[in-house]
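Coordinate-derived values only; no laboratory data. Quick caveat, the model's predicted, so the values are computed rather than measured. Please note: Cβ atoms are built from the backbone with ideal geometry, for glycine as well, and neighbour counts cover all protein chains shown.
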Amino acid sequence: MNLDDVLCVGATNNFLISNVIDRNKNLIPGEVISAIIKGYETFCSRLREMDVQIFLTGGETADVGDLVRTIACNSTIITRMKRENVITGENIRGNEVIVGFSSTGQASYESEINSGMGSNGLTMARHEMLSRIYAEKYPESYDNVHLTDLAYTGPHELLETIPELKMNVGKALLSPTRTYAPIVRKILDRFRTSISAIVHNTGGGQTKCLHFGEGIHYIKNDLFPTPVLFRMIQEASNASWKEMYQVFNMGHRLEILCDESLAKEIIQIAKEYKVEARIIGHCEQARMKNKLTIQSEYGEYTYMV
């Protein structure tokens with residue numbers, strides 16, 4: 001669970017984060033571990049400056065070369081809240097709008113432009129985008145027993161510049177997953193009891209909403225323009241656009257479901273942090289199971305639970 005997920009359910013108190021770092025010590029030296037831990041604390045410190053009270057409590061580092069090819073970092077975040085403050089997504093109504101929050105650009109709390117990549121679809125993006133030379137140069141970076149023919153089949157090199165982003169391919173693929181914690185915190189302070197659900201588009205990309213509510217037809221008909229990185233991934237992989245929306249966030253990672261009367265103020269709060277937000281769709285009642293319809297520049301796609 002990440003911090004955005006914790007905030008989504010309605011926490012208001014302090015957050016405690018504990019991490020576990022598993023590594024192959026023959027490939028990952030102590031300097032790497034030190035840099036990662038320092039990164040955790042830097043991130044927490046910056047969030048505390050914006051009144052998101054998150055504290056690193058320590059964790060565990062394990063040398064498990066038999067189990068981990070290089071390194072795996074896992075975190076657990078906990079908080080305490082009143083049960084009645086939890087936003088469960090059970091009360092989604094068929095007449096609400098969906099406010100989407102952009103995954104690209106540069107938020108006021110970010111140090112550089114964000115490509116929008118986020119934390120989902122990274123394996124597909126890496127192997128479909130990057131050249132075969134990296135399979136030969138870094139065999140430890142993939143399953144070279146079972147996935148030899150599928151590894152690094154793309155046309156791009158790490159240092160190749162993406163003009164629209166003014167960054168190279170490697171940096172775009174590793175662009176930090178945007179947290180919306182400062183924005184969500186301020187929105188919850190004002191509208192907690194009026195928000196039906198907050199959806200974080202990680203696993204499942206734009207279809208994540210299907211797991212919230214019952215008998216809801218989600219209609220997304222005014223999405224953000226597709227960021228350049230996702231257009232490049234689609235071109236390199238030749239994946240269908242329907243699959244792209246199911247794997248990647250495609251331009252916005254966070255959604256708030258609420259009455260349309262609240263949307264303008266919620267969008268303004270995001271703007272205060274230099275994050276673009278907009279109404280990207282709405283909800284209708286469905287007869288039985290949840291359903292999602294995406295009406296995009298590439299076509300119309302339907303998804304079911």
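Here are some notes:
- Percent of alpha-carbon pairs separated by more than 38 Å within the chain: 15
- Exposure rule at most 11 other beta-carbon atoms within 10 Å, DSSP loop trypsin sites (Lys or Arg not before Pro): the chain longest free segment: 167-286
- Segment 246-305 and segment 204-240: distance between their alpha carbon centers, rounded to Å: 10
- A viscosity of 0.692 mPa s and a temperature of 37 °C, combined with the Kirkwood radius over Cα pairs in Stokes-Einstein, give a translational diffusion coefficient for segment 39-97 of 208 µm²/s.
- Taking label positions 7 Å along the Cα-Cβ direction at both Tyr138 and Lys264, the computed distance is 4.9 nm, reported to one decimal.
- Spatially proximal lysines relative to Lys171 (Cα-Cα < 22 Å; intrachain offsets below 8 disregarded): Lys38, Lys137, Lys274
- Segment 151-279: relative contact order in percent, alpha carbon pairs under 8 Å with at least 6 residues between: 29
- Ignoring lysines fewer than eight residues from Lys242 along the same chain, the ones with Cα atoms less than 16 angstrom from its Cα are Lys208, Lys220, Lys291.
- Helix runs (DSSP H) in the chain reaching 20 Å along axis by Cα, Kyte-Doolittle at least 0.0: 30-49
- Length added when fully stretched, Ala35-Ser111, from 0.36 nm per residue minus Cα-Cα: 25.6 nm
- A Förster radius of 22 Å, combined with the Cβ-Cβ distance separating Arg46 from Lys271, puts the computed FRET efficiency at roughly 0.65.
- Convex hull volume of the C-alpha atoms in segment 163-252, normalised per residue: 132 Å³.
- Cut-off of 10 Å, at most 14 other beta carbons, DSSP loop: longest stretch of the chain lacking such GluC sites (Glu not before Pro): 1-89
- Radius, Kirkwood style, for segment 117-209 when every pair of distinct Cα atoms is counted (Å): 15.9
- Relative to its residue count, segment 3-84 spans a Cα convex hull of 93 Å³ per residue.
- Here the spin labels are modelled as points 7 Å beyond Cα on the Cα-Cβ line, and at Arg69 and Ser18 they lie 3.0 nm apart.
- In percent, rounded to a whole number, the relative contact order of segment 3-84 is 56, using alpha-carbon pairs under 8 Å and six or more apart.
- By DSSP, the beta bridges lying fully in the chain are antiparallel in about 75 percent of cases.
- Under 17 Å from Lys289, Cα to Cα: aspartates and glutamates that are on another chain or at least 8 residues apart: Glu90, Glu214
- Among Leu56, Leu173, Met124 - extreme Cα towards positive end, dipole of the chain, charges at beta-carbon: Leu56
- Cα→Cβ-extended label distance, 7 Å offset, between Lys166 and Thr123, nm: 3.5
- Whether segment 204-305 is rounded, prolate or oblate, judged on the alpha carbon gyration tensor where a/c under 1.5 counts as rounded: oblate
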